[in-house]
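Notes for the one structure printed next.
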Amino acid sequence: MHTLFQGNKRETIEPVKADVTGTVPSWLQGTLLRNGPGMFSVGETSYNHWFDGLALLHSFTFKDGEVYYRSKFLRSETFTKNMQANRIVVSEFGTMAYPDPCKNIFSKVFSYISHTIPDFTDNCLINFTKYGKDFYATTETNYFQKIDPNTLETLQKLDYRKYVAVNVATSHPHYDDEGNAYNMGTCIVDFRKPKYTIFRIPSTTPESEMRKTSCLKSLDIVCSIPCRSALSPSYYHSFGMTENYIIFIEQPFKLDILRLATAYYRGVNWASCLKFDADDITLIHLIDRKTGRPVHTKFYTEPLVLYHHINAYEEDDHVIFDVITYKDNSLYDMFYLINIQQDSYDFEQKNKLSSKPFCQRFVIPLLSEKGTEIGINLVRLKSTTATAIKKKEDTVFCLPEIICEGVELPRINYDYNGKKYRYFYSTRVEWRPVPTKARIFSVIGFKT
C-alpha cells in the first residue's frame, strides 16, 4: 500500500494496484465504495466502542481484470476538532467526551446546558448513500457528508434538518426503479408528539438538471407515524420496501429521551439510554407508498431486536419480508472495545451472548374479511410456515418462519429489491462472543 502516515493521520497519496489472488473477471468494471471505523484513538484518548471510530473511506476500482485501492479519512468537523486538540473532544454514541479539565467553571456549565439537546456527531462512518447524482457518507445522526467518489475528498457537510424535521435517520435508504431514494428518520426533540417520518428524494428534477443543484431541495414527506411512546421512540437501523408498501418495525428497543437529555450531566454515554423492554410487543407498520396512509389493521409480533432487513415483496395479497432478528440487545454490548480486546477465553466465559441472530420470514395478509373467525390463520400461502392469527377485529398476531440462524450483514442483488427473490448473501458466524473468530461467506436460497 502506498500510504503516508503522520501521527494519527493516514492519507492515500494515489490509488495503488492491489495484490490479487486468482483472476478478476474482465467484465467486472466500476468502483466499489465502502465506509467504516478506521481510527480508535487520538492522542492519549481512545474510543469505547467499535462503532465510534473515526470514519475511513475506501474505494476499490475494477478495471480490465485489475483492482486499484484508495482510502482516505472523512474530513468531518469531528475529525478536524479531534486532530486539532490531539484528543477526543466530540462525543460518539458509545463514548462521551468532556471539556478540557483546564477550562473554567463557566465553560463547563455552558457545556452541560448545551448537551441537554445533543448536537450529534458528523462522523459519518456507516454507509455510502446516493441522492440524485451525488454520493454521501452517512451515519445515524442528522448529518451527512458529500463525497467525491473518485478521490474520496470530503466536499460538504449537510444537515437533514434543513430539509425535514428529523434528528436521526437511517443509513440504509431504498431506491425505486427511477432512482428516487426513500429514507426515514425520527424527530426526538418535540416531547409533545415525537414521530417517525418517511421521506422521498427524487433522482432528478427540472431545476436540478438546469442549475446542477442538489435534489435534496425537492425532498417530500411520504408520511409521518406517531411514536406510540412520547418519551421512548423505537430504535431502528433499516426498513423494508415493496412495490406498493413501506414496512417499518417499531420494536421495543427504545431510546429514553429524558435519559438522553441528561446523559452528559450524569457522565454516561448515549448508548446507555437505549433499553430493551422484553415485556412489550413489536408493532409492524405497513404504509401505502402512493397514499402515505398506514394499513388500518394492527399487526404485531413478539418482542425482538432488529437491525437489518433483507428484502420484501408482495405475493397473492400478502406482504412478505425477511429480517435478521435477536431476542435481546446483547449484540451492541459485545462490541465495546474493552470486551473485544480481552483474552478470548476470559471473554468467552464472562460475556456470552444471550441471543444469536435468526433469519426470519414474516407474512402479512392484506385481506381480512369482516366476520372472519377469531383465532384463524389468515396466511393463505402454501410456501411458508409463517402465520398471522386474527386476535380480534383489525388486530393480527404474526409469528415468523425461521429460515436459518447464525447469519448477519445480509445483501441481495438490488435488481430484486421489493421483488420476489431466491438468494441473499451474508456473513455466517460461528456465534462465539467475538464473531471474527470464524467467518465464512454464505449464500442462502429459498424454495420457489
Q. With CYS215, CYS227, CYS187 as the choices, which residue is in contact (Cβ under 8 Å) with a residue 40 or more places away in the chain and farther than 26 Å from VAL396 by Cα?
A. CYS215
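What do you reckon, is LEU331 at pLDDT 90 or above, buried (at least 16 other Cβ atoms within 10 Å of the Cβ) and not in a loop (DSSP other than H, G, I, E, B)?
Numbers: at pLDDT 90 or above: no; buried (at least 16 other Cβ atoms within 10 Å of the Cβ): yes; not in a loop (DSSP other than H, G, I, E, B): yes.
When the stated conditions are applied, LEU331 does not pass them.
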Q.
Going residue by residue through region 124-134, is there one that turns out to be over 20 Å from VAL89 (Cα atoms), at pLDDT below 95 and small (Gly, Ala, Ser)?
A. yes
Q. Can you tell me which residue in region 2-42 is modelled with the highest pLDDT, limited to those that are open to solvent by 40 Å² or more (accessible area, probe 1.4 Å) and at positive phi?
A. GLY22
(Q) Would you confirm, using the coordinates I've provided, whether SER234 is in contact with an Asp or Glu (Cβ under 8 Å, 6 or more places away or on another chain), in contact (Cβ under 8 Å) with a residue 12 or more places away in the chain and either farther than 27 Å from SER59 by Cα or surrounded by fewer than 22 Cβ atoms within 10 Å (Cβ to Cβ) (or both)? (A) yes
Q. When region 406-434 is examined, which residues are found to be surrounded by fewer than 18 Cβ atoms within 10 Å (Cβ to Cβ) and at pLDDT below 90?
A. GLY406, THR427, GLU430, TRP431, ARG432, VAL434
Q) Among the residues of region 250-257, is any in contact (Cβ under 8 Å) with a residue 60 or more places away in the chain, touching a Cys at 6+ places or on another chain (Cβ under 9 Å) and farther than 24 Å from ASP394 by Cβ? A) yes
Q) Looking at region 239-262, which of the residues that are open to solvent by 10 Å² or more (accessible area, probe 1.4 Å) and among the polar types (S, T, N, Q) is nearest to ASN311 (Cα to Cα)? A) ASN244
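If I filter region 148-167 for residues that are among the small types (Gly, Ala, Ser), at pLDDT below 95 and over 21 Å from GLY30 (Cα atoms), do I get at least one hit? Walk me through how you get there before you give the answer.
Going through region 148-167, the residues among the small types (Gly, Ala, Ser) turn out to be 165.
Right, trim to at pLDDT below 95 and you get 165.
The next check asks that each one be over 21 Å from GLY30 (Cα atoms); those that pass are 165.
The answer is yes, given that some residue of region 148-167 is among the small types (Gly, Ala, Ser), at pLDDT below 95 and over 21 Å from GLY30 (Cα atoms).
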(Q) Show the residue pairs meeting these rules: Cβ distance below 9 Å; 6+ apart or different chains; first residue within region 148-163 and free of Cβ contacts under 8 Å to residues at least 40 places away in the same chain; second residue surrounded by fewer than 17 Cβ atoms within 10 Å (Cβ to Cβ) and assigned to a loop (DSSP other than H, G, I, E, B). (A) LEU155/ASP148
Q) Quick one: how many residues across region 240-284 are closer than 30 Å to TYR421 by Cα, in contact with an Asp or Glu (Cβ under 9 Å, 6 or more places away or on another chain) and not hydroxyl-bearing (Ser, Thr, Tyr)? A) 11
Q. Conditions: (1) under 21 Å from the mean Cα position of the chain (by Cα); (2) hydrophobic (A, V, I, L, M, F, W, C); (3) assigned to a strand (DSSP E or B). VAL319 meets all but one. Number of the miss?
A. (1)
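Could you say which residue among THR116, THR61, THR95 is crowded, with 20+ Cβ neighbours inside 10 Å, β-branched (Val, Ile, Thr) and either modelled with pLDDT under 95 or within 30 Å of SER203 (Cα to Cα) (or both)?
Details: THR116 fails: crowded, with 20+ Cβ neighbours inside 10 Å; THR61 fails: crowded, with 20+ Cβ neighbours inside 10 Å.
Result: THR95 is the single residue among THR116, THR61, THR95 that is crowded, with 20+ Cβ neighbours inside 10 Å, β-branched (Val, Ile, Thr) and either modelled with pLDDT under 95 or within 30 Å of SER203 (Cα to Cα) (or both).
The values are calculated or read from the model by the stated rules, or taken from the named source; none is laboratory data. Only a predicted model underlies this, so the values are computations on that prediction, with no experimental measurement involved. Cβ coordinates were reconstructed from backbone atoms using ideal geometry, including for glycine residues, and neighbour counts include every protein chain displayed. Surface accessibility is based on the protein's heavy atoms, side chains included, excluding ligands, DNA and RNA. Shrake-Rupley method; radii C 1.70, N 1.55, O 1.52, S 1.80 Å.
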